[in-house]
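Single-structure report; data block below.
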Amino acid sequence: MGKLNVVILRYLSRDDFRVLTAVEMGMKNHEIVPVSLLSSIASLKHGGCNKILRELVKHKLVVYERTKTVQGYRLNYGGYDYLALKTLCSREVVFSVGNQMGVGKESDIYIVAGPNGDQYALKLHRLGRTSFRNLKNKRDYHQHRKNMSWLYLSRLSAMKEFAYMKALYDRGFPVPKPVDYNRHAVVMELINGYPLCQVHELQDPSALYSEFMELIVKLANNGLIHGDFNEFNLMLDDQDHITMIDFPQMVSTSHPNAEWYFDRDVKCIRDFFAKRFNYESELFPTFKDIRRSYSLDVEVSASGFTKDLERDAALLHPAGPEEDDEEEEDGEDDEEETDDEAEREEESLDMEEYKHAMLELEGLKVSETHADIQDQEEEKSENTTEETETTSPARGDEETKEFEEELREADDECPELTDLSACNKEFKPFRDLDTLLAVRATCCCAYPEYMMTDRFRLIRCFQLIGVVSSSRLRQLSV
């Protein structure tokens with residue numbers, strides 16, 4: 001077992017993570033992301049992106065690939081680990097990384113510590129290994145997609161596991177306490193115990209056997225089947241308390257192969273107790289013994305649940321007539337949206353995801369999503385419109401009264417202002433023939449060069465002063 005090399009993580013700059021995030025965003029639509037696209041997404045200075053990419057390739061955080069048609073870069077698990085760890089560190093969830101605890105066919109487990117010294121288990125999903133390449137045919141992570149990257153499938157696997165773990169923990173199932181997750185990394189409670197495969201002696205095998213069978217039935221009654229309920233995914237502590245782990249492969253009881261998965265889980269426990277502890281029992285549950293009491297598969301969208309099952313679950317919490325009308329109106333409004341608006345929304349969401357990821361990497365807390373901010377703005381606008389509607393009549397009356405009072409005061413103080421336009425017509429223009437002769441005389445006294453007999457020189461001087469036009473000066477000079 002090795003250790004996750006996080007030495008380089010502390011020396012990476014903000015621009016390095018900006019380029020890593022740009023590669024991640026570009027891989028949503030490209031297997032190999034060209035440099036031109038990376039430069040436009042990262043928005044760095046000219047030549048800065050190429051230099052950072054060379055350093056990232058040197059540290060094996062991204063991979064350079066060149067084909068006959070395209071050349072560019074793609075993100076590997078090393079760079080994906082750094083992005084997830086940087087975000088978890090900025091959230092103050094992970095402070096240090098320890099040794100590796102275990103290796104599975106689709107994940108690696110490490111010990112990590114928080115800022116307060118509390119130890120947690122960090123699970124890094126690594127789908128796509130040579131020992132587990134048939135995942136695309138066995139699980140429905142990709143749904144209708146034909147081509148997808150292993151990084152994206154690992155991210156979906158981590159998201160599903162965190163959702164299952166949180167739902168089961170809230171319902172009182174013996175699972176680790178979920179702490180946080182980001183991308184393909186899940187942080188959970190560290191269990192002080194041993195896997196069942198490492199236990200060779202039990203004080204009471206029959207009691208533990210019955211607990212395992214009851215746990216399988218309890219899961220099925222809540223609408224879920226583990227799908228991999230064996231000695232490798234069950235842990236025991238010193239008091240023989242059970243803890244269940246590994247949830248990405250869970251399916252719904254409405255899955256077409258639900259009965260086969262249920263019988264397989266029961267058979268795994270029966271075979272293990274028979275081989276390891278020489279204990280065999282004729283009592284074991286069957287799929288017909290399930291009495292559904294809760295729909296956890298609908299809550300977490302487990303694999304295999306159908307729309308009909310979702311409608312049946314809605315019967316447990318029926319909606320009123322007003323809510324039904326609102327839902328129908330919302331459905332009609334959604335159908336009226338055009339394709340152009342949908343494309344614009346997708347582009348804006350991509351940029352918002354990139355900004356959100358960068359804020360998380362920089363350590364800024366992003367608690368409110370774009371939808372929450374829009375809802376708050378709509379509420380504020382509604383409140384302001386209501387206030388203006390209530391106060392507008394009163395304000396209008398007050399403004400009219402004040403305006404009338406001002407007019408009355410103006411009439412009392414300055415009654416002669418009413419005839420001002422008529423008085424302006426009586427004034428004569430300032431520049432008449434007499435005033436021009438006076439200006440000419442003063443200019444000649446002040447500036448001797450104006451007394452020159454040259455006709456054009458005199459006209460030029462008066463033009464510079466700006467008294468009259470040249471045609472009028474010719475008449476005056478004569």
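The values are calculated or read from the model by the stated rules, or taken from the named source; none is laboratory data. All values derive from a computational prediction rather than experimental measurement. Reconstructed Cβ throughout: ideal geometry from the backbone, glycine too, with neighbour counts over all protein chains shown. Note: accessible area is taken over every heavy atom of the protein model, side chains too, but ligands, DNA and RNA are not part of it. Shrake-Rupley method; radii C 1.70, N 1.55, O 1.52, S 1.80 Å.
Label positions at GLU65 and ALA274, each projected 7 Å from the Cα along the C-beta direction, are separated by 4.6 nm. When the surface is traced with a 1.4 Å probe over the full set of protein chains, LYS218 keeps roughly 80 Å² accessible. Excluding ligands, DNA and RNA, the accessible surface per residue across the stretch 41-132 is 52 Å² with a 1.4 Å probe. Normalised per residue, the accessible area of the stretch 208-261 is 36 Å², obtained with a 1.4 Å probe and no contribution from ligands, DNA or RNA. Measuring against 23 Å, Cα to Cα, the residue pairs LYS86/LYS123; LYS123/LYS267; LYS58/LYS160 contain LYS123/LYS267; LYS58/LYS160 as the ones spanning a longer distance. What net charge do the residues around TYR261 carry, taking every other residue with its C-beta under 11 Å from that of TYR261, with Lys and Arg at +1 and Asp and Glu at -1? Net charge in that neighbourhood comes out at -2. Here THR67 sits with roughly 70 square angstrom of accessible surface, probe radius 1.4 Å. For the stretch 49-57, the Karplus equation 6.51 cos²θ - 1.76 cosθ + 1.60, evaluated at θ = phi - 60°, returns couplings of 5, 5, 5, 5, 5, 4, 5, 5, 5 Hz by residue, with Gly and Pro reported as x. When the solvent-accessible area of the stretch 137-284 is split by element, carbon and sulfur atoms take up 46 percent of it, the probe being 1.4 Å. Counting only protein heavy atoms and using a 1.4 Å probe, the accessible area of LEU283 comes to about 140 Å².
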